[in-house]
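Please read the structure below before turning to the comments.
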Amino acid sequence: MIGRRRAVMLAAIVAAAVIVTVGSVSAASARSTRLLPIYSVENSRREVSLTFDAAWGDSDTDGIIAILKKYNVKATFFAVGSWVDKYPESVKKLHAAGHGIMNHSDSHPHINKLSGAEVVADAERCNDKIEALTGVRPIFYRAPYGEYNNENVAAITDAGMIFVQWSADSIDWKKEYSPERLLQNVLKQISSGGIILCHNDAEHTLEELPLIIERLTADGYKFVPLNELIMTDNYYIDSTGRQRQA
């Protein structure tokens, strides 16, 4: 089980030192170290993962599924529980198409204003909803607004989930950005082991998606599901948030 085998995500604050720990994160260690989510993964095979945050609308779901099928790309969707409530059929469609459905909280709160226990309770409500529709309980968690602190990273990790951020942000929520500019945002940040952030219902989602896939494929990158990119055992996270083999 992931919860029993997980490696703890600890990065020292000082002098770019790296701490490697196996087991759960105690409250004492959380106070004395800087805890980081996974931003990218050590990878020599030019593999990257495409992820979408699903929190608001749903008008592009069928189009996204069609584009991903055309290019034979499997993506990961971080869904908010309230979105799952509103669009259960879309959750089922995404799962049936072979895409991962992971946890983006239940109510999209500012988690840094919550206790660790409250963050976990909110996440587990989302997990329950996704599992009820797909039969698969999420193992990856992404916080709303990209927020995190030591307490909630420790709490999510101790609950058996892996806290994931991103390394290449398309910034596709900016309506004034053209699809080409969104592509350039990704190209400036991407490298092997990168995690790309898009949104499922942004202004130019259906226009930017083929551009990203075609350009990165032409540049020699391979798209893999997040569960194939991220290590679930025997790893550590360095001071930049990069997951590395222990």
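The table below gives the values:
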{"item": "Approximate spin-label separation Arg45-Asn234, in nm, with each point projected 7 Å along Cα-to-Cβ", "result": "1.5"}
{"item": "Debye log10 I(q)/I(0) for the range 133-208, one point scatterer per Cα, at q = 0.19 Å⁻¹", "result": "-0.90"}
{"item": "Taking the chain and dividing mean pair separation by its residue count, relative contact order in percent (alpha carbons under 8 Å, at least six apart)", "result": "33"}
{"item": "Relative contact order, percent, the range 122-218 [alpha-carbon distance under 8 Å, six or more residues apart]", "result": "22"}
{"item": "Equivalent ellipsoid, the range 127-171 (semi-axes from 5 times Cα gyration tensor eigenvalues, Å)", "result": "21, 16, 8"}
{"item": "The range 202-246-the range 113-159 distance, computed between alpha-carbon centres (Å)", "result": "21"}
{"item": "Radius, Kirkwood style, for the chain when every pair of distinct Cα atoms is counted (Å)", "result": "18.1"}
{"item": "Anchor Lys222: aspartates and glutamates whose Cα lies under 15 Å away (excluding residues fewer than 8 positions away in-chain)", "result": "Glu42, Glu47, Glu214"}
{"item": "The range 34-133: GluC sites (Glu not before Pro) falling in loop per DSSP and having at most 11 other Cβ within 10 Å", "result": "none"}
{"item": "Two-decimal Rg to Rh for the range 42-126 - Kirkwood Rh, Cα set", "result": "1.04"}
{"item": "For the range 115-246, Kirkwood radius (reciprocal of mean inverse C-alpha pair distance, Å)", "result": "16.6"}
{"item": "Where labels lie 7 Å past Cα in the beta-carbon direction, separation of Glu214 and Ala97 in nm", "result": "1.9"}
{"item": "Inter-site label distance for His110 and Val136 at 7 Å from Cα along Cβ, in nm", "result": "3.4"}
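A short reminder: the numbers here are calculations on the coordinates, not readings from a lab. Keep in mind the model is a prediction, meaning the values are calculated, not measured. Glycine gets a Cβ as well: all are built from the backbone with ideal geometry, and neighbour counts include every protein chain shown.
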